[in-house]
Amino acid sequence: MENILKVNTPNDYARYVGAETLHDDICVVHYDELENCRHALCNYGVYGIFLLEESPYTISYGLGQYHFSSGSLLCVAPGQMGGVSDNGEIIHIRGWVLMFSAQLLVGTPLEGRIDDFHFFSYYDSEALQMLPDELRTLTMCMKMIRHELQTHTNDPRSKNVVVTYLQLILEYSARFYDRQFQSEAQKQTNDLLIRFDALLKRYYDKQIFRQNGLPTVRYCAQELFLSPNYFGDLIRQMTGDNAISYIRRFIMQRAQQLLSAGHTIAETAEMLGFDYPQHFTRSFKKHFGQTPSEYIRRSHL
């Protein structure tokens, strides 16, 4: 059985790698300073931001194996698992890791916004590949948080300062991901959207809807080997709309085709994967501004 490190608090990880502990709810580790750092296959109960300047190691995440080049940003959230099982080897990594618990955010503006930062649930293969200036920016923020924790331990304003720096890291990371999305969108817009459309068509042609119901973003992302959030963010960058709206448009266009071909409302609802005809009718009216009955009547005028 593999050795699993349970990271229930930020300092569980700090103590494991031999880094100083500065606060119960957040730790900042500079890998360059560690003398006896070992691999760890972690079960995370905290959020983690790994800023890797240089890592020659291949790590596991779920069923995949990933290798990170210099200038990579990888984020994890509570409930996720990843890393490399400890085999006793002393490893050498350049970069930083910041871990924080949800408790740190309680009562702060960031508490209600943390779920907006989708990159905490991206696959490792979707890590941010940073430009040199981006790497320097996030490194500076890591240093500022650690300096604050080291020098203002008893200052009642210190938590607000730390959370503000943390939000700055998250906002910068979101900006840098937008840059990566734009670059990827330019390279693969046509290819991804063609595969997305083909996937939805195959979903109905092979009658997968009979078992799974309506197609979901999660299903489509998995079939396209992307995490749901990364897939959704990439589709939004490409089309200006979210993935669920794209799926709904496809379904409603197919509904029009079925109704125009003479199928009843009940038959159409069943052939699209709706549980009940009433659900289909509500979705159709919301999308087109008219009920299926009105559409059928007007199309036969």
| query | Going by the alpha-carbon gyration tensor, a ≥ b ≥ c the square roots of its eigenvalues, is segment 152-215 rounded (a/c under 1.5) or, if a/c is not under 1.5, prolate (a/b greater than b/c) versus oblate? | reply | oblate
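Say R0 is 22 Å: what FRET efficiency, to the nearest 0.05, do Lys206 and Thr239 get from their beta-carbon distance?
0.30
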| message | If I take every Cα pair under 8 Å that is 6 or more residues apart in segment 188-299, average their sequence separation and divide by the length, what percent do I get for the relative contact order? | response | 22
| field | Cα-based reach from Lys201 at 30 Å (exclusive), listing lysines while leaving out same-chain residues under 8 positions away | value | Lys187, Lys285, Lys286
| task | When a/c is below 1.5 the answer is rounded, else prolate if a/b is larger than b/c, else oblate, so apply that to segment 188-299 with a ≥ b ≥ c taken from the square roots of the Cα gyration tensor eigenvalues. | result | prolate
| request: For segment 188-265 and segment 19-49, write down the distance between their C-alpha centroids in whole Å. | output: 40
| said: Name the residue from Asn242, Leu51, Phe280 whose Cα lies farthest towards the positive end of the charge dipole of the chain, charges +1 on Cβ of Lys and Arg and -1 on Cβ of Asp and Glu. | reply: Phe280
| note | Amide H contacts under 5 Å for Met130, restricted to residues at least 5 apart in sequence or on another chain and with H modeled in the peptide plane, are Ser72, Leu73
| remark: Proxy exposure order for Ile265, Ile235 (fewest C-beta within 10 Å first) is Ile265, Ile235
| request: Find the relative contact order for the chain and round it to a whole percent, using C-alpha pairs within less than 8 Å whose residues are 6+ positions apart. | output: 14
| query | Which ordering of Tyr16, Tyr246 is given by a fewest-first count of other beta-carbon atoms within 10 Å? | reply | Tyr16, Tyr246
| Which label belongs to the value computed from this structure, given these candidates for P(r) over Cα pairs in 10 Å bins from 0, in percent: (i) 6, 28, 38, 24, 4, 0; (ii) 6, 23, 26, 19, 14, 9, 3, 0, 0; (iii) 6, 27, 33, 23, 10, 2, 0? | (ii)
| Quick one: of the DSSP bridges fully inside segment 4-185, what percent are antiparallel, nearest 5? | 90
| Taking the Cα-to-Cβ direction at Glu89 and at His118 and moving 7 Å from each Cα, how far apart do the two end points lie in nm? | 3.5
| remark: Under the Karplus relation with 6.51, -1.76 and 1.60 and θ = phi - 60°, whole-Hz ³J(HN,Hα) for segment 91-105, x at Gly and Pro, equal 10, 10, 10, 10, x, 9, 9, 10, 10, 8, 8, 4, 4, 4, 8
| query | Can you list the HN-Hα couplings for segment 24-33, worked out from phi with the Karplus curve (6.51, -1.76, 1.60; θ = phi - 60°), rounded to whole Hz and with x for Gly and Pro? | reply | 5, 10, 7, 9, 10, 10, 9, 4, 4, 8
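A short reminder: the numbers here are calculations on the coordinates, not readings from a lab. Here the structure is a predicted model, which is why all the values come from computation and not from measurement. Every residue, glycine as well, gets a Cβ built from its backbone with ideal geometry; the counts of neighbours run over all protein chains shown.
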